[in-house]
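*Asks:* Encoded as structure tokens, here's the structure I'll be asking about.
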Amino acid sequence: MKLLGKSKVMKHKVKPEITYPLVKLPQSEIDFAGETAHIFKTKYNGKPVYVIALEEELNCELKVTQPETKPDLEARLEALEKKLSTHLESENKDNNESGSAEIRTQDLRRVKAGKCDLCTVIDEQNAV
């Protein structure tokens, strides 16, 4: 689609009790004056979008497909979620290697503590 311009929606009073919204096309589109317009309405980001088709006999619904692009905020959020997931996976891997994930009891008196690397080094130095 190509942006042709900007136009304010005005009120057009046919009779005192009947008012229509009126949108003017740019002057460059003067050749279409007098033709029949088919108007379709849809929503995009919660706002109404109108599509105008200038064809005398239009017997089908116009299907508009959106490109597969994501808004900037959505792309940034997706990237952040991916980084968080990667970080959590690496953290879980580190926890599994340290043994803290192997504790299955609520009663900590039953947990057997192994020697940490620092304790082993201190014991070796004291033995010398």
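The values are calculated or read from the model by the stated rules, or taken from the named source; none is laboratory data. All values derive from a computational prediction rather than experimental measurement. When we count neighbours, we look across all protein chains shown, and the Cβ atoms used for this are built from the backbone with ideal geometry, even at glycine. These accessible areas exclude ligands, DNA and RNA; they are computed on the full protein's heavy atoms, side chains included. Shrake-Rupley method; radii C 1.70, N 1.55, O 1.52, S 1.80 Å.
*Asks:* Could you figure out which of (1) more than 24 Å from S7 (Cβ to Cβ); (2) modelled with pLDDT of 80 or more isn't true of T19?
*Replies:* Among (1) more than 24 Å from S7 (Cβ to Cβ); (2) modelled with pLDDT of 80 or more, T19 violates only (1).
*Asks:* Given the criteria in a helix (DSSP H, G or I), of a type outside the set (V, I, T) and at pLDDT below 80, does N96 qualify?
*Replies:* When the stated conditions are applied, N96 passes them.
*Asks:* So, in region 22-51, exactly how many residues are open to solvent by 100 Å² or more (accessible area, probe 1.4 Å) and in a strand (DSSP E or B)?
*Replies:* Within region 22-51, residues that are open to solvent by 100 Å² or more (accessible area, probe 1.4 Å) and in a strand (DSSP E or B) number 6.
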